[in-house]
1. Keeping all protein chains in place and using 1.4 angstrom, which order do Asp204, Asp50 fall into by accessible surface area, from largest down?
2. Could you pull out the trypsin sites (Lys or Arg not before Pro) across the stretch 1-69 that fall in loop regions by DSSP (anything but H, G, I, E, B) with no more than 13 other Cβ atoms inside 10 Å?
3. Principal axis extents for the stretch 49-120, Cα atoms only, whole Å, descending order, please.
4. When only alpha-carbon atoms are used, what values of Rg and Dmax, in angstrom, describe the chain?
5. Taking K and R as +1 and D and E as -1, what net charge do the other residues with C-beta under 13 Å from the C-beta of Met106 add up to?
6. Give me the accessible area of Thr229, 1.4 Å probe, in Å² rounded to the nearest 10.
7. Quick check for you: with a 1.4 Å probe and neighbouring chains kept, what is the accessible area per residue of the chain, in Å²?
8. Per residue, how big is the convex hull around the C-alpha atoms of the stretch 89-192? Give it to me in cubic angstrom, could you?
Amino acid sequence: RSLGASTLRNAARVVVTTRTYAATSRAVWRYNPTIIPNAVDHRRFRPDVDGSRIRSTLSIPPDVPLVLLVGRIVPHKGIEHFVEAARYVPDARFLIAGEGSLLESMKRLAVSMGVSDRVRFVGRVSEARLPEVYAACDVFVLPSVSRLEAFGIVALEAMATGKPVIVADIPGVREMIVDGQDGLLADPVNSMDLAEKIRRLLADPEARRAMGQRGREKVLASFSIERVT
């Protein structure tokens with residue numbers, strides 16, 4: 001209402017990261033914003049990174065499917081739907097990397113749902129180890145539930161690593177992928193649909209490989225640091 005509005009009025013150019021926000025954000029749409037996405041370091045996040053050390057540290061055998069979520073454990077991230085989805089994918093392990101205000105309540109939720117033995121909370125991961133965490137997974141999930149998730153850069157980091165991704169079908173986030181090509185869209189706030197999409201990918205190694213490859217190609221074409229710069 002004060003400094004924010006004044007800054008927008010006086011800016012030479014307003015930039016947003018997705019088409020959705022350019023068209024629908026009340027704060028910025030009238031200024032004809034330019035769309036420039038966030039960038040991903042494709043040299044750091046890449047398919048040849050070895051994730052075996054992460055699996056060994058967590059005592060997850062190479063042949064056990066691993067589903068990953070990276071992000072702050074806060075309300076708009078939809079962590080509870082990821083935890084609940086584990087109930088319907090009994091053969092997989094679920095890994096949550098991050099910390100936040102809901103961490104303890106999500107741990108209690110995992111216990112109450114009987115999945116605490118398969119849902120692991122590893123806390124904040126160092127920047128140095130993060131590429132290995134992506135490399136260790138078979139499927140990456142971003143189950144966000146609100147517009148506060150404006151872009152979803154973690155999904156692009158997973159794509160750069162050559163991993164298939166499942167993201168919530170909400171504005172902004174869904175612009176990162178083409179459903180069925182380089183990832184899947186899941187109904188937001190729907191743990192059973194999320195679980196069904198996870199099961200579908202885990203049951204089809206060729207689809208995972210192809211989606212991961214196309215995701216990597218998309219990052220190189222549209223979201224590299226050089227391209228965005």
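1. Descending accessible area places them as Asp50, Asp204.
2. Arg1, Arg13, Arg26, Arg43
3. Computed over the Cα atoms, the extents are 31, 24, 15 Å.
4. My reading of the Cα-based Rg and Dmax gives 17.9, 56 Å.
5. With Lys, Arg at +1 and Asp, Glu at -1, the net is +1.
6. Accessible surface of Thr229 is approximately 140 Å².
7. Here the residues of the chain average 49 Å² of exposed surface.
8. Values: hull volume 12.1 nm³, N = 104.
Enclosed volume per residue, from the Cα hull, is 116 Å³.
The values are calculated or read from the model by the stated rules, or taken from the named source; none is laboratory data. Everything numeric here is computed off the predicted structure, so don't read it as measured data. All Cβ positions, glycine included, derive from the backbone under ideal geometry; neighbour counts span all protein chains shown. Ligands, DNA and RNA are stripped out before the accessible areas are found, and what is left, the full protein with its side chains, is counted by its heavy atoms. Shrake-Rupley method; radii C 1.70, N 1.55, O 1.52, S 1.80 Å.
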